[in-house]
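Trainee: Have a look at the structure that comes next, please.
Readers should treat all values here as calculations from the given coordinates under stated rules, not as data from a laboratory. Since this is a predicted model, take the numbers as computed values, not measurements. Methodologically, a virtual Cβ is constructed for each residue, glycine included, from the backbone with ideal geometry; neighbour enumeration extends over all protein chains shown.
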Amino acid sequence: MEYGFSLRSYRLPLRTPLRTAHGMWTEREGLIIRLEDESGRAGYGEIAPIPVFGTETLAEAREICGKFGDKVDDEVFDAVAERFGCMRFALAAARATVARDRLILPDGARGGISDPALQSAASVPLTALLPAGKAALETLPSRLESGWLSFKWKVGVGDLDAELGLLDEVSALLPTYAKLRLDANGAWTRRQAEKWLARCGERPVEFVEQPVGPDDVDSLMGLAQDYPVKLALDESVVRLAEAREWQARGWPGVLVLKPALAGPLDEIATWAAKTGADVVLSSAIETALGRAAILQFALAHSALVRRSPGFGVGEVFGDRRWDGPIMGPVLDEGWVAAINPEELWNALA
């Protein structure tokens, strides 16, 4: 099928800079693509790279898009190399929207072949992102009052002993039914990771994400085997191909995938359902457009939401158009339905 192709750039400041082990993040840049079929049906996708994670750069994405021209077909899209995961995610999302709209029947129902293995969820609990450092102690009580039950806390950004002390304070605030995920973004040495994992065994920690760098395969496998606390990979599995590689190594922990970086959602879902991979979907601080595409798909594929998705990122941009409606501790179709991709596209004109 041939599509009309166009794209627009965005550059949005973060309402509150995000402090991680990779440094301070103050703005988000990306591209919104638009496909239109011969009948005028339009689909949108978001290209939101994070080069420090090992994705393509924004310049690379622009260069490839520039070669498409204003008319392009499925064969050209399918030829995009696997390493360009952000582009492949956006193209697949836009094409899926066009294809879905083509299957709307006159009475408003949707046609197509029914997949008996596909199980949808009416709602899914989400995990909230806590700020790094002492700010987590200020944020956590209000999140608990709002009904959040799962939290992700960025660590590895300050003094190790001071953060371990904060872990005790954060843990003390959590009710027994709440879960805490720690994300070090690969900042620790193996010795530092061992100190943390020994402490975490006595705390309400669901898993520790990327304790050491993604290239230190031996340490990651060793830590996963030596400590009872479950570990998770993030920067190690930027693309789906890398998740498959770790699975083949016998990785016993969780695989945190950011779909906006990893590639087409249908490929992720097929792999997760087939292999039973212990997957967590996580935000790449994309806009509401990209987030809605991911969450709508996740609601329809239970294999992707066995664990709470990490999409409780809060009011990232301080702009309701780009953040979407306020997101509570439980996601349902109402949030997704409130996002109007065409409106966001027009805002970039």
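Trainee: Please compute the length gained on full extension between Glu38 and Lys67, using 0.36 nm multiplied by the number of residues separating them and subtracting their Cα-Cα distance.
Mentor: Between Glu38 and Lys67, full extension yields 8.4 nm more.
Trainee: Rounded if a/c is under 1.5, else prolate if a/b is larger than b/c, else oblate: which is the stretch 239-332, with a ≥ b ≥ c the root eigenvalues of its Cα gyration tensor?
Mentor: prolate
Trainee: Take Thr189, Thr287, Thr139, Thr176 and order them by how many other Cβ atoms sit within 10 Å, fewest up front.
Mentor: Fewest-to-most Cβ neighbours within 10 Å comes out as Thr176, Thr189, Thr139, Thr287.
Trainee: Expressed as a rounded percentage, what relative contact order does the chain have, with Cα pairs under 8 Å and six or more residues apart?
Mentor: So the answer I get is 20 percent.
Trainee: In a shell of Cβ-Cβ distance under 15 Å around Thr55, excluding Thr55 itself, what net charge do Lys and Arg (+1) and Asp and Glu (-1) give?
Mentor: -4
Trainee: Residue-wise, which Karplus ³J(HN,Hα) couplings in Hz belong to the stretch 35-51, taking 6.51 cos²θ - 1.76 cosθ + 1.60, θ = phi - 60°, and x for glycine or proline?
Mentor: Those phi angles translate into 10, 9, 7, 5, 9, x, 6, 10, x, 10, x, 10, 9, 10, x, 10, x Hz.
Trainee: Could you go through the stretch 323-334 in sequence order and give the Karplus-derived ³J(HN,Hα) for each residue, using 6.51 cos²θ - 1.76 cosθ + 1.60 with θ = phi - 60°, rounded to whole Hz, and x for Gly and Pro?
Mentor: Karplus values, whole Hz, x for Gly and Pro: 8, x, x, 4, 9, x, x, 10, 8, 9, 4, x.
Trainee: Within the chain, how many Lys pairs sit with Cα atoms under 22 Å apart, leaving out pairs fewer than 8 places apart on the same chain?
Mentor: 18
Trainee: Given that just one value was derived from the coordinates, which of [x] 158; [y] 136; [z] 147 is volume of the Cα convex hull per residue in Å³?
Mentor: [y]
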